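This report refers to the structure that appears directly beneath it.
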Amino acid sequence: MNKRHIIGILFVLLISCIVICKELSTINIATLIKDANLINVFYCVLIFVTLAFSFLCESFILVILNYEQNSLIPPFWSFVRVSLVQSLFNAITPMSTGGQPAQIVALKQMGISVGKATSVLLMKFIIYQISVFGIYIFAFVTCFQSILAKFDGIAVFIFIGFILHISSIIFLLFILFAHNFTVKLTKKIGNFLFYLIKSKKLSNWQNNVLNQINNFYVEGEKLRSNKMKLFCCFCLTLLQLLCFYSVPFFILLALNLNCSWLAVTKINVMNTLFMSIVPIPGAEGGAEFGFQKLFSTFIDSKSLLVLALFLWRFATYFLEIILGLIFWTMKPKKHY
């Protein structure tokens, strides 16, 4: 962890303190304490069990993708560490850009070569993007219209986030299933841009994009050659996503509120799309704003809404930072 990451953590803490103070100033503290005393402990425990299961699913995915016949496999906790380290660096870098490089470092510390670590993470990325594609489409088609009717301002940003995500996933699908066409199209676009703007940087960009396209295609072919591994990873990824997106549902149950799991989960997916375009580490400020706007559909009380927000941010953000920092300091032994 370098100086930039430490600054990221301090920045996140500063913004968080400002947001917390702002939210506390809008409610009666005595009412908040009263509501907190009525929290259902059983569902509170389920919140953290669900999150733990989500991390375990991701860790098992890493184990499966790293598995090779007649080769040594590091202890399972090492892969749990990789998952938590990713969450830490996603949380403290803008647009979650630090997660994958941190995973490569964590895998290298286990004795896995950079080449193999990169290959494994590319396969994991492909599986994740294809899995989340269906979830985004379903949530957007069934939920966006009602959000547009109630919160037209935030709906615009959700739409932008949806288009950006879906476009990138469709491009990935083109790479996997129409590789030659994608390469030719990329070359034509690059050549056209180079004709308009003669720049060495543009040429380097085109070469980098073509290299990435080839890397994705190669890893996709590896996955398709092992259908059992692919099937297991898809199932685990869907479980991981469903567990993560279900956290607000258990939070509302912990606050003794009746709600539909499907309705709450779809709203949470919409909030995730909104958060994805906030260019601040952890989407600080934007995440809290989006949560309060969207989940006011289920929560009438202002104090309960703030309490739900605090529980959600602690469980899905600050706890990940804390655990990530702890596991980052626990260096694994090399097993290769």
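The values are calculated or read from the model by the stated rules, or taken from the named source; none is laboratory data. What you see is a predicted model; the values in this text were computed from it and never measured. Don't worry about glycine lacking a Cβ; one is built from the backbone with ideal geometry, like all the others, and counts go over all protein chains shown. Surface accessibility is based on the protein's heavy atoms, side chains included, excluding ligands, DNA and RNA. Shrake-Rupley method; radii C 1.70, N 1.55, O 1.52, S 1.80 Å.
Which value, in Å², gives the accessible area per residue of segment 34-104 when a 1.4 Å probe is used on the protein heavy atoms?
Values: 3240 Å² over 71 residues.
That works out to 46 Å² per residue.
The angle between the Cα long axis of helix 200-225 and the main principal axis of the chain comes to about 80°, on a 0 to 90 degree scale. As an equivalent ellipsoid, segment 78-228 spans semi-axes of 27, 25, 17 angstrom, where each value is the square root of five times an eigenvalue of the C-alpha gyration tensor, largest first. Helix 99-109 and the longest principal axis of the C-alpha atoms of the chain enclose an angle of approximately 70°. Separation of segment 14-89 and segment 268-322, taken as the distance between their Cα centroids, equals 14 angstrom. The relative contact order of the chain comes to 35 percent, based on Cα pairs under 8 Å that sit 6 or more residues apart.
Given the alpha-carbon gyration tensor of segment 251-310, what are the semi-axes of its equivalent ellipsoid in whole angstrom, ordered largest first, with each equal to the square root of 5 times an eigenvalue? Please list the in-between numbers first.
Working: eigenvalues 85, 35, 14 Å².
They are 21, 13, 8 Å, listed largest first.
Ellipticity at 222 nm from helices only: DSSP H runs of n ≥ 4 in the chain, each -39500 (n - 2.57), divided by the residue count, give -27000 deg cm²/dmol. Accessible surface of segment 125-183, 1.4 Å probe: 78 percent of it comes from carbon and sulfur atoms. Taking the C-alpha atoms only, the angle from helix 227-245 to the longest principal axis of the chain is near 30 degrees.
Expressed per residue, the C-alpha convex hull volume of the chain stands at 161 Å³. Within segment 142-247, the percentage of alpha carbon pairs spaced more than 24 angstrom apart rounds to 50%.
Here the average projected area of the convex hull drawn through the C-alpha atoms of segment 43-128 stands at 6.3 nm².
Ranked by the mean number of other Cβ atoms within 10 Å per residue, highest first, peptides 172-185, 33-46 order as 172-185, 33-46.
Rounded to the nearest 20 debye, the dipole magnitude of segment 123-219 is 460 debye, with +1 charges on Lys and Arg beta carbons, -1 on Asp and Glu beta carbons, and the Cα centre as origin. Determine Rg/Rh for segment 1-67; Rg is computed over alpha-carbon atoms and Rh is the Kirkwood hydrodynamic estimate from the same atoms. Value, to two decimals: 1.17.
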